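Scroll down for the structure; my scribbles are underneath it.
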Amino acid sequence: MSEPSNGHQRRSETPAALGEVRGVNRRRRSRIAAGLAFVCFLVTLAEGTSLKADEVRGTLTYPELMDSNATEVALVDSSWFLPTGESGPPLHQLEGTLTVPRAQMQRSSYEYAAYRYFPGFSVDFVEVDGYLVPSNRSIIVNPANWTLILSPGRVWSESGDNGMSRASFPFTLGSPPDRLFGGGEAHNGVATFLFDNTKVSSFRFQITQETAPDGGIYDMWGQLPMVYDPGIVSDRAEIERSFRDELASQLPVAEWSELETRFGTDTIPSFTEGLAPEEISAAGVVVDGVVYLQASLTRSGEYPYPRFMQHAGMSVSKSIGAGVAMLWLAEKYGEDVFDLRIVDYLDVTADHDGWADVTFGDALNMATGVGDNAPDRLPYDVDANETGLNYRMFYLGETTQEKLDAAFAAGDYSWGPDEVVRYTSSQTFVLSAAMDAFLKVEEGPDTELWERLTDEVFRPIGIHHMTMMHVPNSDRGSGTPLMSSGLRLTVDDVGKITTLLQNGGTHNGEQLLHPGRTEDALYRSDQLTGLPTGKSFADGDQAYHASFWSIAHRTEAGTYFQVPFMSGAGGTTIFLAPNGVSTFVFTDSGADTYSLKSPGVAEAIAPYPEPGLPSVSLMSDGFGISGTLAAVAIAAMALAVIGLLVLVARGRCRRSRELPRV
């Protein structure tokens, strides 16, 4: 086995040198912990952890977890990863390094044989107020294997554990860096183990839910050896402070039934109508700063840690990544950043001049006028460039330059920028690289786009650990944010981002995003906004603008709105209705499953602001999806008539040849 990938590493010291210090500090901490442990455990219960207080632990028992020779184990109901039976606060203080090796997992499918290994980790953990908190909350990258995100869990004790304490925590396996189409999927798991002051049991885990629209849907599980190196974590104080700030800033989460009771409407239960429940990782509504959340189901029951469940944003990354970044830059440097030219910040290697006048805003609008497929304006083919050689080469590119070269290898359309939407993921990455270059000009060569965006927008609104995949640079730094995909976020992150956008980019009286550009991106206008995509729905035509899609909605009052939403592969959506209500669904149910009930659910909660629009008709040419079907039908009818005329003519000719000459 290869060495496990390391996360945050504490300073290297020998056990002998640390022995006395550890003993003194552990005794000092134990006196404090003894007084706090029970209080912390009660806090844990008060925050909604469901305990099986009336049940005896039926699985994941002490003998099972202490069996170091177990090679084949079974999947169990996820609730067994939480306290059960006679439970109480932990009997020991866990602090130090936990190490799990890279090792083969059990799997329900053998399709992805190259990714059959649990990636392994070696990371410091500390206990904070009844939570088990990893020191590394970022993406742990493992070449040619799954990436890994560790999240906070719980610590407690049970009467049947022979004097040991028990812990569990959630984690997420992310797409391997070299996987072509899995550029942001999330496989959510949970792990548990026993511990005391000096040792731990085996590491038991299972992964039974994911956001994986490209087909990587299967279970992974196992029981692996784990090593505990107890000792002082050097930055414990900062971990404690940061985690307590994180908890204090969490939005309240309420059960879905409370929303139905509060608003008492027949519309709300239809929210996820048409989506298979087992294919939904999370679904909810954000109203007045409260997240009303449906149960987060897995193939082994409800997920034990829905607050910390990481969801794959897929192309939602374009909106929360590139879209929010542009709104922040516009507030920081002026809205003229939308008019900056790509060629002034990147070395464009295209063999044509199609990029000469393409602006940051054009790239955000997916209207660069550059691309290979569907060379005619009509009929509309918005997704034409999401296939083909350049698309594949972009995703296969391992460095920033390789991805940019693939993006710039595309041809030039006959039209210019800001005329036709051609949804092209590689061009969002071009925009990300251009924004990063712009920041380096303005703030210095060591400036990192995602780091600055996190410091000035996400962290101020209470988002502490939202991760974005980065593409390595050949020279220095953390790399270029992918932004075409690669975002992973929690429901708490969703609630805070949508609240910021719904408030016009303002948080606690501070303007973080440009107000005018934010309103424009959210279609808050008395004029039709955006370029048509060619798709039509029951109430009108769809548009794309500033990284947001729109869907037409006719209100009960008879007026129309373009309701903006973010969209990710598999049917993931985040809607921001103009009445301030936001909805979200993370799913891999299928393409274009847009949670079409969302605008109506939002209106059932609060009326839309009047006046709206008289209609949402963007395709006067009639060549949208519905227009194209009509054109095809007309053409088919014309061909049928022509065919009939040909048959009649042939018949007449045949009869004329058979007539006697006169």
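The values are calculated or read from the model by the stated rules, or taken from the named source; none is laboratory data. The shown structure was predicted, so the numbers you read here are calculated from the model rather than taken from an experiment. Please note: Cβ atoms are built from the backbone with ideal geometry, for glycine as well, and neighbour counts cover all protein chains shown. Remember, those area values only see protein heavy atoms, side chains included, never the ligands or the DNA or RNA. Shrake-Rupley method; radii C 1.70, N 1.55, O 1.52, S 1.80 Å.
Tyr594: open to solvent by less than 20 Å² (accessible area, probe 1.4 Å), modelled with pLDDT of 95 or more, part of a loop (DSSP other than H, G, I, E, B) and touching a strand residue (DSSP E or B) at 6+ places or on another chain (Cβ under 9 Å), yes or no? No, not satisfied.
Figure legend. Inter-residue proximity from segment 490-503: first residues open to solvent by 10 Å² or more (accessible area, probe 1.4 Å), second residues part of a helix (DSSP H, G or I), beta-carbon distance below 7 Å, spacing 6+ or different chains. Indicated pairs: Thr490/Arg307; Thr490/Phe308; Asp492/Arg307. State yes or no: is Leu513 at pLDDT 95 or above, crowded, with 24+ Cβ neighbours inside 10 Å and part of a loop (DSSP other than H, G, I, E, B)? Here the answer is yes, as Leu513 does meet what is asked. Residues in segment 551-572 that are free of Cβ contacts under 8 Å to residues at least 40 places away in the same chain and assigned to a strand (DSSP E or B): Arg554, Phe565. Is there a residue being out of contact with any Pro (no Cβ under 9 Å at 6 or more places or on another chain), in a loop (DSSP other than H, G, I, E, B) and over 25 Å from Trp355 (Cα atoms) anywhere in segment 492-503? Yes, segment 492-503 contains a residue that is out of contact with any Pro (no Cβ under 9 Å at 6 or more places or on another chain), in a loop (DSSP other than H, G, I, E, B) and over 25 Å from Trp355 (Cα atoms).
Answer yes or no: is there a residue in segment 409-416 that is modelled with pLDDT of 95 or more, within 24 Å of Ala569 (Cβ to Cβ), small (Gly, Ala, Ser) and touching an Asp or Glu at 6+ places or on another chain (Cβ under 7 Å). Yes - at least one qualifying residue is present in segment 409-416. For segment 85-139, which positions are touching a Lys or Arg at 6+ places or on another chain (Cβ under 8 Å), within 19 Å of Ser165 (Cβ to Cβ) and of a type in the set (S, T, N, Q)? Passing the criteria: Gln93, Thr97. Residue count for segment 149-163 satisfying the condition of being assigned to a loop (DSSP other than H, G, I, E, B), open to solvent by less than 10 Å² (accessible area, probe 1.4 Å) and of a type outside the set (Asp, Glu): 2. The residues in segment 547-591 that are within 25 Å of Met366 (Cα to Cα), open to solvent by 30 Å² or more (accessible area, probe 1.4 Å) and not small (Gly, Ala, Ser) can be counted, and the count is 1. Within segment 81-103, can one find any residue that is more than 30 Å from Glu238 (Cβ to Cβ) and of a type in the set (Lys, Arg)? No, segment 81-103 has no match at all. Of everything listed in (1) open to solvent by 10 Å² or more (accessible area, probe 1.4 Å); (2) of a type outside the set (Asp, Glu); (3) out of contact with any strand residue (DSSP E or B) (no Cβ under 9 Å at 6 or more places or on another chain); (4) assigned to a loop (DSSP other than H, G, I, E, B), the single unmet condition for Ser484 is (1). A single member of Phe271, Phe263 is in contact with a helix residue (DSSP H, G or I) (Cβ under 6 Å, 6 or more places away or on another chain), open to solvent by 10 Å² or more (accessible area, probe 1.4 Å) and more than 30 Å from Arg154 (Cα to Cα), and it is Phe263. In segment 368-378 there is at least one residue matching the filter, namely being modelled with pLDDT of 95 or more, of a type in the set (Val, Ile, Thr) and surrounded by 18 or more Cβ atoms within 10 Å (Cβ to Cβ). In segment 329-347, the residues that are within 30 Å of Ala409 (Cβ to Cβ) and free of Cβ contacts under 8 Å to residues at least 40 places away in the same chain reach residues that are open to solvent by less than 80 Å² (accessible area, probe 1.4 Å) and aliphatic (A, V, I, L, M) with C-beta atoms within less than 7 angstrom, at least six apart or across chains, in these pairs: Arg341/Val358; Val343/Ala356. Within segment 275-329, being of a type in the set (Ser, Thr, Tyr), open to solvent by 10 Å² or more (accessible area, probe 1.4 Å) and touching a Pro at 6+ places or on another chain (Cβ under 7 Å) holds for one residue alone: Tyr305.
Considering (1) open to solvent by less than 30 Å² (accessible area, probe 1.4 Å); (2) of a type outside the set (A, V, I, L, M, F, W, C); (3) not in a strand (DSSP E or B), the lone condition that Asp526 does not fulfil carries the number (1).
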